[in-house]
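The structure appears right after this line, and notes come after that.
The values are calculated or read from the model by the stated rules, or taken from the named source; none is laboratory data. Owing to the predicted nature of the structure, the values given are computational and were not obtained by experimental measurement. Positions of Cβ are backbone-derived with ideal geometry, glycine not excepted, and every protein chain shown enters the neighbour counts.
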Amino acid sequence: MRRLTLTLIPALIAAGPALAHLDPVQHGSFAAGASHPMFGTDHILAMVAVGLWAASLGGRALWALPTAFVGAMALGFLLSLGGMPLPMVEPMILASVLVLGVLVATASRLSLPVAAAIVAALAVFHGHAHGSEMGGAGAMAYLGGFALATAALHAAGTVIGAGLARFGGPVVARGAGVFVAMGGSFLALAG
C-alpha cells in the first residue's frame with residue numbers, strides 16, 4: 001500500500017482540471033485572473049515556495065519576497081501585453097519551481113536583496129505567461145485577480161513554512177522544499 005501511495009503522489013501533483021482557466025466572458029476578468037495561478041501546479045508550487053523561503057528567512061523577508069514576486073510578476077504581465085517577447089517562458093517557470101524548492105530545501109540564507117532579486121527575476125516569467133494566456137479578459141481586472149491569488153499562495157506558503165518549522169523543526173520545514181523541487185522535477189519530466 002505504501003508503494004502505491006508513493007507512486008500516486010507525483011501523479012496527483014501533476015494532475016489538473018481539464019478546463020484550467022475560467023472564461024472571462026462568463027466569470028469576469030478578475031475571477032479569470034484569480035483562477036489562473038490556482039490551476040497550474042507549476043505556479044502553485046513556485047508561489048508557495050516563495051512563502052516557504054520567506055518564512056525560513058524570517059524578518060523583513062516575510063513581506064519583501066512576496067512583494068518582489070508580485071511586483072516583478074506584474075512587470076512581466078505588462079511586458080507581455082506590450083508585445084515584448086521573453087525567451088523560454090515555460091522552461092523558466094519550471095526552473096523557478098526547482099530553484100525555489102532547492103533554496104528552501106537547503107535553507108539558503110542569502111542576503112535579503114539577493115533573495116528578492118532571485119524571486120523577482122523568476123516572477124517576470126510567471127507574469128509574462130499570465131499575460132500571454134489572458135484571452136479576452138480585461139487587463140487590469142485580470143492582473144488584480146492573479147496578483148491577489150498569488151499573494152494568497154505566498155501567504156499560505158509562509159504559514160505552512162512557519163508551522164512546519166515550529167512544530168516539526170527545521171528538517172521538516174526543509175522537507176517542504178524537497179517536496180517542491182521533486183514536484184518541479186516531475187513536471188519537467190512529464191512535459
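Among all residues of the stretch 41-53, there is none that is out of contact with any Leu (no Cβ under 7 Å at 6 or more places or on another chain), over 15 Å from A181 (Cα atoms) and not acidic (D, E). Being within 16 Å of G58 (Cα to Cα) and either of a type in the set (A, V, I, L, M) or buried (at least 23 other Cβ atoms within 10 Å of the Cβ) (or both) is a property that holds for A173.
Within this structure, V102 fails the test of being closer than 24 Å to G163 by Cβ, β-branched (V, I, T) and crowded, with 24+ Cβ neighbours inside 10 Å.
Checking the stated criteria, L86 turns out to be closer than 20 Å to A147 by Cβ, surrounded by fewer than 24 Cβ atoms within 10 Å (Cβ to Cβ) and of a type in the set (A, V, I, L, M, F, W, C). In the stretch 165-178, the residues that are farther than 12 Å from A55 by Cβ form Cβ pairs under 6 Å with partners that are surrounded by 11 or more Cβ atoms within 10 Å (Cβ to Cβ) and of a type outside the set (V, I, T), at six or more places apart or across chains, as follows: V172/L164; V178/A105. Look at the stretch 52-74: where a residue is under 16 Å from A105 (Cβ atoms) and a partner is among the hydrophobic types (A, V, I, L, M, F, W, C) and not in a helix (DSSP H, G or I), sitting 6+ places away or on another chain with Cβ atoms under 6 Å, you get S56/A107.
For G184, the conditions (1) farther than 16 Å from M47 by Cα; (2) modelled with pLDDT under 95 are fulfilled apart from (1).
Taken over the stretch 141-163, the criterion of being farther than 16 Å from A61 by Cβ, more than 12 Å from the chain's Cα centre (by Cα) and touching a residue at least 24 places away in the same chain (Cβ under 8 Å) is satisfied by A141, Y142, L143, G144, G145, L148. Residues satisfying the criterion are present in the stretch 112-119 (criterion: crowded, with 22+ Cβ neighbours inside 10 Å and not basic (K, R)). Against the test of being surrounded by fewer than 16 Cβ atoms within 10 Å (Cβ to Cβ), under 29 Å from M88 (Cα atoms) and at pLDDT 95 or above, the options V178, V159 yield a single qualifying residue, V178.
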